[in-house]
């Protein structure tokens with residue numbers, strides 16, 4: 001670290017180390033999460049799940065990843081080539097960049113920006129663009145339908161997500177994620193904002209396109225949705241981005257409502273990861289116990305229930321903050 | 001580039017072996033069933049049998065993303081062309097299991113002058129492992145996946161880390 005600092009200067013050294021740490025975290029996290037997903041799914045269905053590849057299937061995902069790298073990359077004849085090749089990268093980059101502002105512990109944060117929340121949410125909306133690119137470029141009716149559904153769904157759910165996050169921001173008075181964690185010194189915001197927490201979890205599930213809101217890739221109607229035509233590691237990147245997205249929305253929930261890295265005895269980073277993985281487990285629990293909703297139910301739910309509730313929550317919070 | 005003995009002319013040694021080991025341990029099957037044997041295939045994926053133990057439980061709906069086609073059931077003449085098309089849509093290292101008597105040789109539906117079925121999947125696509133039975137039990141399918149793993153790694157299952165000739 002000191003050598004790097006001398007060679008490149010403090011700012012560049014920080015960027016290099018930060019990026020390497022992010023890439024390492026993203027890969028290890030995705031490998032772990034996919035294994036966890038398969039184990040959770042299996043135990044919910046009374047079966048053991050991956051058992052033979054490593055201890056309780058621990059290296060199963062490594063085998064999957066190596067296999068995906070060794071697979072043929074098919075480019076169908078009539079695809080829109082530049083867009084088709086670009087989509088897996090476009091979905092992955094913003095996900096990577098969102099890690100810049102997440103405070104993993106009191107000191108472990110790459111860059112504490114005063115617009116941290118806005119940065120993450122702005123990058124999160126880029127995911128829609130990538131999905132639309134993938135679906136449109138594939139020149140496949142299932143892909144296009146999946147992409148269209150994804151756009152409608154994400155646009156609808158981004159609004160309550162933003163408004164919900166506004167209530168804790170109103171209480172803190174800052175967009176910086178470190179400030180929001182610092183403000184939860186006495187109590188977690190889930191105690192004062194329980195409705196916002198529930199709304200956020202629902203919106204986050206929809207935002208990451210997971211069951212019961214996984215209509216963009218509903219396999220019983222749309223084959224594999226927007227990534228139907230992708231094979232090998234290109235498909236692997238979509239997979240990686242989905243699981244990293246899950247980590248980011250769970251990290252946001254942790255920071256906003258569960259006190260971030262705060263906790264007794266253990267160092268902050270452990271508490272942060274414990275809380276994040278607890279929320280991810282909740283999302284997986286949703287996926288394997290709830291049936292998929294219909295598309296009209298999905299959109300109606302967002303516009304008629306979630307958005308009014310989020311607005312009401314914001315108004316009440318503003319009123320209390322004003323009168324206090 | 002293969003000599004007649006089945007040994008490849010050029011071998012990348014460790015890389016090939018590592019890739020083959022990974023491929024053998026993550027055979028993602030296609031969500032694809034033709035007739036009653038598909039019910040046994042579903043049973044093999046559920047509790048009690050659980051193909052996911054061997055890494056073969058991720059049923060991918062898109063042929064682009066799967067490695068293994070399980071031809072589970074009778075292939076009618078009408079279904080033949082779509083079957084070939086699905087096989088051709090799969091990405092390169094791909095394997096086929098013919099599940100049940102119908103997929104092997106037409107089973108009970110085959111008789112002289114019949115006009116409706118294709119007697120055997122190997123008449124239209126290359127088949128790696130045959131599983132006899134009408135229908136085979138889920139254990140049969142599990143065994144066929146293990147045999148396919150042996151075929152891919154060219155090693156015995158219990159002797160995973162020792163070279164075996166043949």
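The values are calculated or read from the model by the stated rules, or taken from the named source; none is laboratory data. Here the structure is a predicted model, which is why all the values come from computation and not from measurement. Virtual Cβ from ideal backbone geometry, glycine too; neighbours counted across all protein chains shown.
Points to keep in mind about this one:
- Among the helices (runs of 4 or more DSSP H) confined to region A:1-99, the ones with at least 1 residues that are under 30 Å from residue B:14 (Cα atoms) are located at A:10-44, A:60-69, A:81-97.
- Of the residues making up region A:64-113, just one is within 13 Å of another protein chain (Cβ to nearest Cβ), surrounded by fewer than 14 Cβ atoms within 10 Å (Cβ to Cβ) and under 24 Å from the mean Cα position of the chain (by Cα), namely A:69.
- Scanning region A:28-51 for residues that are surrounded by fewer than 17 Cβ atoms within 10 Å (Cβ to Cβ) and without any contact (Cβ under 8 Å) to a residue 60 or more places away in the chain yields A:28, A:32, A:43, A:46, A:48.
- Scan of region A:285-320 for residues that are touching a residue at least 40 places away in the same chain (Cβ under 8 Å) and outside any helix (DSSP H, G or I), ordered by number: A:290, A:291, A:292, A:293
- Residue match in region A:24-44 (condition: more than 25 Å from residue A:108 (Cβ to Cβ) and facing another protein chain (nearest Cβ under 8 Å)): yes
- Scanning region B:76-116 for residues that are outside any helix (DSSP H, G or I), more than 14 Å from chain A (Cβ to nearest Cβ) and in contact with a helix residue (DSSP H, G or I) (Cβ under 6 Å, 6 or more places away or on another chain) yields a total of 4.
- Of all residues in region B:54-72 being facing chain A (nearest Cβ under 8 Å) and touching a strand residue (DSSP E or B) at 6+ places or on another chain (Cβ under 7 Å), the one that is farthest from residue B:100 (Cα to Cα): B:60
- Of all residues in region B:21-53 being facing chain A (nearest Cβ under 9 Å) and under 14 Å from the mean Cα position of the chain (by Cα), the one that is surrounded by the fewest Cβ atoms within 10 Å (Cβ to Cβ): B:28
- Residue B:100 surrounded by 20 or more Cβ atoms within 10 Å (Cβ to Cβ), closer than 23 Å to residue A:45 by Cα and in contact (Cβ under 8 Å) with a residue 24 or more places away in the chain: no
- Qualifying residue in region A:261-284 (condition: in contact with a helix residue (DSSP H, G or I) (Cβ under 7 Å, 6 or more places away or on another chain), crowded, with 21+ Cβ neighbours inside 10 Å, at pLDDT below 90 and not in a helix (DSSP H, G or I)): yes
- Considering region A:165-253, the qualifying helices (runs of 4 or more DSSP H), each wholly inside and each with 1 or more residues that are within 18 Å of the chain's Cα centre (by Cα), run over A:177-182, A:194-207.
- Residue list for region B:73-96, filter: touching a strand residue (DSSP E or B) at 6+ places or on another chain (Cβ under 6 Å), farther than 15 Å from residue B:126 by Cα and buried (at least 20 other Cβ atoms within 10 Å of the Cβ): B:74
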